[in-house]
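Below: the structure, in C-alpha cells.
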Amino acid sequence: STTTSDTTPTITGTAEANSTVKLYSDTTLLGSATADSNGAFSVTSSTLSDGSYSLTATATDAASNTSSASSALSITIDATAPTITGPSGSAGDSTSSITISENGTTVSTFTANQTVTWSLGESADKDKFAIDETGTLSFVEAPDYETPASTAENNSYSVVVVATDEAGNESSQTVTVE
C-alpha cells in the first residue's frame, strides 16, 4: 500500500497503444486518458478524500474491446496534518510554554494524534535543543541561569517542534522554555 498526501494522485502504466485507459476505485470512474503510440499512459484521479482505496484500470482499444480490470493498487490518501500536544494549551495549538528547573535538560515530551517523525524547525535557539524519536525535547546542555545562553539573553528560549506523518503532512508548535 502506498500512502500519499496528494488528493489527486497520478497513476502511470502501460496498455495497448492508443487505447483509452479508465481508472476506477471499485466501480467509481476516477479519470481516463489515452495511451500513447508506445502504450504509456498517465491518468490523474479526480479528488479523493482521506481514506484507503483499491484502484484498478481497464483499457479499451479502437475496436471497442475492453480489457479485464488490472490488478488492484492499494493507496491511502492522508492529507490531514498531525495534531501536536505540547506542555501547555490544547492539542493543535500553535504555541505552548513550560518552565523548567535550573540545571535540568529534559523539557517535555510531545505527543501527536498519529505516528510521526519528530524534528526541530528553524528558530532562534534551535541549536540548544534536541528531540528524540519519542517526542522528548531536551536541552543539549543544561542552561546556566546566571549566564543566559538564549538568543534574547534572558533565559527565555524559543524552539519550534515539528511533527511529520507518513504522508509528509507537517504540523509545528513554537515552544517558549523558561
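General remarks:
- Candidates THR136, THR95, THR99, THR176, filtered to the one that is open to solvent by less than 50 Å² (accessible area, probe 1.4 Å), out of contact with any His (no Cβ under 9 Å at 6 or more places or on another chain) and touching a residue at least 60 places away in the same chain (Cβ under 8 Å): THR176
- Number of residues in segment 61-77 that are over 30 Å from THR164 (Cα atoms), surrounded by 14 or more Cβ atoms within 10 Å (Cβ to Cβ) and not polar (S, T, N, Q): the value is 1.
- Segment 5-15: number of residues that are more than 13 Å from LEU73 (Cα to Cα) and either in a strand (DSSP E or B) or at pLDDT below 95 (or both): 1
- Scanning segment 19-34 for residues that are surrounded by fewer than 18 Cβ atoms within 10 Å (Cβ to Cβ) and assigned to a loop (DSSP other than H, G, I, E, B) yields a count of 2.
- Flag if SER171 is hydroxyl-bearing (Ser, Thr, Tyr) and free of Cβ contacts under 8 Å to residues at least 40 places away in the same chain: no
- Any hit, segment 140-152, residues being modelled with pLDDT of 95 or more and among the polar types (S, T, N, Q): no
- Of the set (1) among the hydrophobic types (A, V, I, L, M, F, W, C); (2) open to solvent by 50 Å² or more (accessible area, probe 1.4 Å); (3) touching a residue at least 60 places away in the same chain (Cβ under 8 Å); (4) more than 30 Å from SER37 (Cα to Cα), all apply to ALA124 but (3).
Residues checked against (1) assigned to a loop (DSSP other than H, G, I, E, B); (2) out of contact with any strand residue (DSSP E or B) (no Cβ under 6 Å at 6 or more places or on another chain); (3) within 24 Å of ASN169 (Cβ to Cβ):
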site: ALA17; (1), (2), (3): yes, yes, no
site: ASP36; (1), (2), (3): yes, yes, no
site: SER46; (1), (2), (3): yes, no, yes
site: ALA91; (1), (2), (3): yes, no, yes
site: SER96; (1), (2), (3): no, no, yes
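- Of all residues making up segment 144-178, the number that are assigned to a loop (DSSP other than H, G, I, E, B) and either touching a Cys at 6+ places or on another chain (Cβ under 8 Å) or farther than 30 Å from ILE75 by Cβ (or both): 14
- If the condition is being in contact with a strand residue (DSSP E or B) (Cβ under 7 Å, 6 or more places away or on another chain) and among the hydrophobic types (A, V, I, L, M, F, W, C), then segment 128-172 contributes PHE129, ALA130, ILE131, LEU137, PHE139, VAL140, VAL159, VAL160, VAL161, VAL162, ALA163, ALA167.
- Qualifying positions in segment 141-156 - touching a residue at least 24 places away in the same chain (Cβ under 8 Å), more than 15 Å from THR176 (Cα to Cα) and not small (Gly, Ala, Ser): GLU141, TYR145
- From the options THR80, THR58, THR106, residue that is surrounded by 13 or more Cβ atoms within 10 Å (Cβ to Cβ), polar (S, T, N, Q) and in contact with a strand residue (DSSP E or B) (Cβ under 6 Å, 6 or more places away or on another chain): THR58
The values are calculated or read from the model by the stated rules, or taken from the named source; none is laboratory data. Source: prediction; values computed, not measured. Reconstructed Cβ throughout: ideal geometry from the backbone, glycine too, with neighbour counts over all protein chains shown. Only protein heavy atoms, including side chains, enter the accessible area calculation; ligands, DNA and RNA are left aside. Shrake-Rupley method; radii C 1.70, N 1.55, O 1.52, S 1.80 Å.
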